[in-house]
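Here is the structure we will look at, set down as structure tokens.
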């Protein structure tokens, strides 16, 4: 599954960066009160897993920007359609209601997010969103070449903006470059062979709680995409979710995705190797499991 440019894998020209700019509250006197005690505001123990007991798993949207307006001079994201199909298949297997969108301007991307955040999610377990596009640092690009901060795109789903999803997992997968630096890796030696909860009383939670944001690469670096097989990141997500998506919790799944991309994918460019390291940011407060709901066979 490695993207190697030394003859044992893909041609160096088939792997490209997902970056259009890379060739190829006041509290009075300063005091605040603390509600509850060290054992928690409820004084009791909450479940360690998010409840996945509503009628539906939830909506999964895929925004895939492949073709960009000619005046932007941004390259076509060849292989993006492979990523889209792979994610659609995996999300469907996890029983999500998948909605797909192609080549959206930033304005349409923002409008779409606001639309879905405003829909009823009372009978949904969670929400999933994948954005596949060119990017740079904390931004992603629309098909019109206009950029938007990832956090601004996600903001409509905060607890105060989208109360139906408060206390439920909101998962965002971002496949895009986050800079122009190239990770050439470092050699190591190792001997490691190794191995929304229904609350009985009202509870206040942070508005930024219950998010998982999975980025294809650490900020500042280039993310790579095979023009025939799709991006390294989505290839890894597809493989891991296919094998373990209905068995392991989400953090475990994404950690395995990190491992696969870090160790199994590489490109040799001249005398140097090119590597990639995905990145997770999580405000999840419980474990997320996608256990079968309606007779889907376990993997």
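Residues in segment 248-264 that are touching a strand residue (DSSP E or B) at 6+ places or on another chain (Cβ under 6 Å) and either part of a helix (DSSP H, G or I) or modelled with pLDDT under 95 (or both): 254 alone. Within segment 126-152, which residues are closer than 19 Å to residue 284 by Cβ and surrounded by fewer than 23 Cβ atoms within 10 Å (Cβ to Cβ)? Once the filter is applied, which keeps residues that are closer than 19 Å to residue 284 by Cβ and surrounded by fewer than 23 Cβ atoms within 10 Å (Cβ to Cβ), segment 126-152 yields 129, 150, 151.
Looking across segment 265-283, the residues that are at pLDDT 95 or above and surrounded by fewer than 19 Cβ atoms within 10 Å (Cβ to Cβ) come down to 277, 279, 280, 281, 282, 283. Of all residues in segment 189-239, those satisfying the criterion of being modelled with pLDDT of 95 or more, closer than 28 Å to residue 166 by Cβ and crowded, with 22+ Cβ neighbours inside 10 Å are 210, 214, 215, 216, 237. Residue 66 satisfies every condition listed in (1) touching a strand residue (DSSP E or B) at 6+ places or on another chain (Cβ under 7 Å); (2) buried (at least 20 other Cβ atoms within 10 Å of the Cβ) except (2).
The values are calculated or read from the model by the stated rules, or taken from the named source; none is laboratory data. Predicted model, so just to flag it, every value in this text is computed and none were measured. Virtual Cβ from ideal backbone geometry, glycine too; neighbours counted across all protein chains shown.
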